[in-house]
Amino acid sequence: MIAVAVLGFGAAGYGAGRMVYDYRAFAIPGESMSPTLKTGDRIVARALDGEEVHRGDVVVFDSGAFAQTGQPGVSVFRVVAVAGDTVACCAGGHLTVNGKSITESYLSTGEYAGDDTATFAFTSGVPEGTVFVAGDNRGNAFDSRFRGVVRLSGIGGFVVATGTVATPASLTTTTTFTDAGLPGAPLDDTTLAGLRWWILGGFVLFLGGLIGVIVSAVRSAGRRRKAAAALPMH
């Protein structure tokens, strides 16, 4: 029972430790990623740990990582092009990456969708070590179209869920870019949900082991009392 309790404590500690060190919670300050992420939404970001950043990933980064720095702070945008790509707007109203038309189902259809800034013409190459990011609410997003590419070294993590680390709602990954024939699928994080099971399962094991230890101790004490009572009197 002691071994079970220790195992449970270790499993719960592992899950909790991974949550604390690998995931961070942030609040969305504006509307640039609406409707995917709305103003005031809580989001959960998984720390970047050697993974490649792909088109379609929603990333969180220091705003100073833009080629043209502006106000300091944290930015959250969607990666639409990676190193070596040429990204342009707009062919038939669609973004193009390396000449392939991208049908972006996640784009906002709200107040700013018809704004000229949502579809103004541009062409940009993406240098090595950088990515090109854009807001889903493209008519109201101060993104790479205006501030240049983002250094990969400044990216802190992938946005994988809304809510809190303890109660996350997974962010739906997009197949928009792979459907267009571009390689590299965005990160689909399954670890966070699994860590909750580590914590829950570990707690159950720990509790079961602890109860077992207590019951064994009580029974052992009872047997000792009975044995003492049965000793012959002199």
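The values are calculated or read from the model by the stated rules, or taken from the named source; none is laboratory data. Fair warning: this is a prediction, and the values are worked out from it, not measured in the lab. With ideal geometry, Cβ positions are generated from the backbone for all residues, glycine too; neighbour counts draw on all protein chains shown.
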- Message: Could you tell me how many of the residues in the stretch 137-170 are under 20 Å from the mean Cα position of the chain (by Cα) and not in a loop (DSSP other than H, G, I, E, B)?
- Response: 17
- Of the residues Ala121, Ala141, Ala169, which is out of contact with any Phe, Trp or Tyr (no Cβ under 6 Å at 6 or more places or on another chain), of a type in the set (Gly, Ala, Ser), surrounded by 15 or more Cβ atoms within 10 Å (Cβ to Cβ) and at pLDDT 80 or above? Ala141
- Looking at (1) in contact with a strand residue (DSSP E or B) (Cβ under 6 Å, 6 or more places away or on another chain); (2) closer than 17 Å to Val87 by Cα, which is the one condition that is false for Glu128? (1)
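Considering each residue of the stretch 82-102, count those that are among the β-branched types (Val, Ile, Thr) and in contact with a Cys (Cβ under 9 Å, 6 or more places away or on another chain), and give that number.
Restricting attention to the stretch 82-102, the residues satisfying the condition of being among the β-branched types (Val, Ile, Thr) are 82, 86-87, 96-97, 102.
Next, only the ones that are in contact with a Cys (Cβ under 9 Å, 6 or more places away or on another chain) stay: 96.
Of the residues in the stretch 82-102, 1 are among the β-branched types (Val, Ile, Thr) and in contact with a Cys (Cβ under 9 Å, 6 or more places away or on another chain).
Could you list all residues from the stretch 171-193 that are assigned to a helix (DSSP H, G or I) and of a type in the set (Gly, Ala, Ser)? First the steps, then the outcome.
Taking the stretch 171-193 as the starting set, the residues that turn out to be assigned to a helix (DSSP H, G or I) are 176-179, 191-193.
Matches in the stretch 171-193: Ala193 only.
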- Give me the pairs: first residue in the stretch 137-149 and in the same structural domain as Asp115 (by TED's automatic domain parsing), second residue part of a helix (DSSP H, G or I) and among the aliphatic types (A, V, I, L, M), beta-carbon distance under 7 Å, and six or more apart or on different chains, which are they? Arg138/Ala118; Gly139/Ala118
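Whether any residue in the stretch 49-57 is surrounded by fewer than 19 Cβ atoms within 10 Å (Cβ to Cβ) and within 13 Å of the chain's Cα centre (by Cα) is what I want to check. Break it down into steps so the answer makes sense when it comes.
From the stretch 49-57, those surrounded by fewer than 19 Cβ atoms within 10 Å (Cβ to Cβ) are 49-52; that's our starting set.
Still in the list and also within 13 Å of the chain's Cα centre (by Cα): 49, 51.
Yes: one or more hits.
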- Note on the structure: Within the stretch 88-118, residues at pLDDT below 90, of a type in the set (S, T, N, Q) and touching a Gly at 6+ places or on another chain (Cβ under 9 Å) come out as Thr117
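Sort out for me the strands (runs of 3 or more DSSP E) sitting completely within the stretch 32-132 that have 2 or more residues that are over 21 Å from Arg147 (Cα atoms). Walk me through it before giving the result.
Details: elements: 42-47, 58-62, 74-82, 86-91, 94-97, 100-102, 122-125.
In the stretch 32-132, the matching strands (runs of 3 or more DSSP E) lie at 42-47, 100-102.
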